[in-house]
Amino acid sequence: MKTNFSFTADDDAASVSSKQLVLLASICSGILMCKLVYDFAAYISPLRFNAAYPNLTAKGFSTFHAVFVSVASIYLLVISDQFDENVHGDSVVNSTTSLSEAVMGISLGYFIADLTMIFWHFPTLGGIEYVFHHCLSMFSIILSVTSGQAQFYIFIVLLYLDTSGQKCSKAYTLNGIALFLGWLVARILVYIYYFVHMYFHFHQVKQVFPLGFYSLLTVAPVLSVMNLLWFWKITKGLIKTISKARHRE
């Protein structure tokens, strides 16, 4: 008896098409999110924050994305069972869902919008190091979301906090302390966890397709070095801010 397997190919094609639509819609949603938050920040900034936060409109959607992706990453990494080894066993590195792909698509939309803003106002909103950082981040996300692999590690490095500044005030000092602690946790300690987890799960990491595998071994170390340099600048800035605050007292 012959069995017709043609429906399998149709199902696979439909699945790929659906995945592409979800990714495209997520990227567009991320860009639209940035536009809406930018317009909202531009509206309220002159009303309440113009004197203290002149760059609020430029930083608004960056902060919004930071909060969104941090909450989403914590949910996917900690609360949900998507990357639970007790559930998925040896296939954690291959774990993917529509939700995780949608979150990464939204992040791609943010990076595209933010990179456009950086180029448009270059170098006011950031120098070449920010361009390099965003390009590496987009490259890693694209590889992960298109292959469906190593999303666990992508969400680890997506955990981060952003900030808006207000100099010469207690709020600015407290903001600097919060940025220091947030960066220490989200950009230093989390990366240490990233490398430790990869070391103990290297047999899973080796299952990733070649380009993705070597990207995991190279992109994350480069980003971690950049984060260490920025953390050093944050630390020096905090020390300088606290010193000035003490002199004013």
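The values are calculated or read from the model by the stated rules, or taken from the named source; none is laboratory data. Remember, predicted model here, so these are calculated numbers, not experimental data. To get the accessible areas, we keep the full protein, side chains included, count just its heavy atoms, and leave off ligands, DNA and RNA. Shrake-Rupley method; radii C 1.70, N 1.55, O 1.52, S 1.80 Å.
A few comments on the model shown:
- Sulfur and carbon atoms: percent of accessible area, region 64-138 [1.4 Å]: 69 percent
- Annotation: residue 177 carries an accessible surface of approximately 60 Å², with a 1.4 Å probe and no ligand, DNA or RNA atoms counted.
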